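Taking it in order: structure first as structure tokens, then the write-up.
The values are calculated or read from the model by the stated rules, or taken from the named source; none is laboratory data. Please read all numbers here as calculations on a predicted model, not as lab measurements. Counting neighbours? That spans all protein chains shown, and the Cβs are built from the backbone with ideal geometry, glycine included.
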Amino acid sequence: MRVLVTGGNGFVGRHLCNALRARGFDLVAGVHDPDGVADPARGEVSLELRDSDGLRESIGRVRPDLVFHLAAEAFVPAANRDPMRAFDINALGTARLLEAIRNSRRDSFPRVIYASSAEVYGIRERSELPLRETLAAHPATPYAASKLSGEAIALAWRATYGIPAIVARAFNHIGPGQDERFAVASFAHGLAAVAGGASSVLTVGNLSAERDFLDVRDVVAAYIALAERGQDGQVYNVCSGRPVAMQEILRQLIAIAHVPVEVRQDPARLRPSDLPISFGDNAKLRDATGWSPQYPLSRSLADVYADARERLALAG
């Protein structure tokens, strides 16, 4: 089976590609390649979601049997600063990809796993928690709206053209290799810098928010399980099923780093539409695939901190 991973050089994409290679799949990593350095010898192909002609050429050349569509503008503040770009990538980019697949004129279409976001649920009452797939989506940000639009496009192309599609609604995921713009990776990077002799002041955003965290390696295992055993046309939450306050995440990281630190809140890091609490129900995913999380939060945070220390050492 030939597998294409869009966003193959991103945080989740790299972990997914490693997992697929370990399982012996014939893998092609679709990479954002503005400098033209994608290397076919490494199993890479240039994939730009805003280039219809390039997508058609790449899909026609790769001829995948399975597509994991991860490529997106995934950083919420960036998407909110430039919503038109976010929609061009997350929504229209998904449509362009599916059109490239539809026009590939294969005997049968590849299954598409669309990586969406729990942000599509929006701000909910506590009585509506845990979030289940049957709950109507109410996106509260341009980012969330762009991801919900991508979901609708994937399911519409399935209903109209027969492209088998599954929506995986991922909640917050963490792990080694995550961009330092994201909160947990930012905490770890700051603490690693303190351990290396930098200022002991750590600036943070909203620590009262509660989130559903899942290790990125459990996330990619869920995506593979859905590809193998999920039902086309369905939406599945990919989550741990329990909320953890950001303050608790930071407390555990400080204990792991074992450094003295002064925590200061930075108003610039607060979001006007920040969700006070969000966690999901993963029963549908478990029942369909037999998947369950394998990485406890303590292991994930230890690995995130070790990765931050390693990256700082390499940079210094």
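I want to confirm something. Restricting to segment 119-177 and keeping residues that are of a type in the set (K, R) and out of contact with any Leu (no Cβ under 7 Å at 6 or more places or on another chain), which single residue is nearest to V12 (Cα to Cα)?
Only one residue tops the list, namely R169.
In segment 30-58, which residue that is of a type in the set (G, A, S) and over 23 Å from F87 (Cα atoms) is modelled with the highest pLDDT?
Filtering segment 30-58 for residues that are of a type in the set (G, A, S) and over 23 Å from F87 (Cα atoms), the one modelled with the highest pLDDT comes out as G43.
For segment 268-283, state whether one or more residues are touching a residue at least 60 places away in the same chain (Cβ under 8 Å), more than 20 Å from the chain's Cα centre (by Cα) and exposed (fewer than 13 other Cβ atoms within 10 Å of the Cβ).
Within segment 268-283, one or more residues are touching a residue at least 60 places away in the same chain (Cβ under 8 Å), more than 20 Å from the chain's Cα centre (by Cα) and exposed (fewer than 13 other Cβ atoms within 10 Å of the Cβ).
With the condition being surrounded by 14 or more Cβ atoms within 10 Å (Cβ to Cβ) and polar (S, T, N, Q), I'd like the helices (runs of 4 or more DSSP H) fully within segment 1-92 carrying at least 3 qualifying residues.
none
Limited to segment 43-97, what total is found for residues that are of a type outside the set (D, E, K, R) and in contact with a Gly (Cβ under 6 Å, 6 or more places away or on another chain)?
8
Among the residues in segment 156-165, are any closer than 21 Å to R211 by Cα and either of a type outside the set (V, I, T) or in contact (Cβ under 8 Å) with a residue 12 or more places away in the chain (or both)?
The answer is no; no qualifying residue exists.
Kindly provide the set of residues from segment 58-112 that are of a type in the set (D, E), over 18 Å from I153 (Cα atoms) and touching a residue at least 40 places away in the same chain (Cβ under 8 Å), ordered by number.
D65 - this is the single residue of segment 58-112 that is of a type in the set (D, E), over 18 Å from I153 (Cα atoms) and touching a residue at least 40 places away in the same chain (Cβ under 8 Å).
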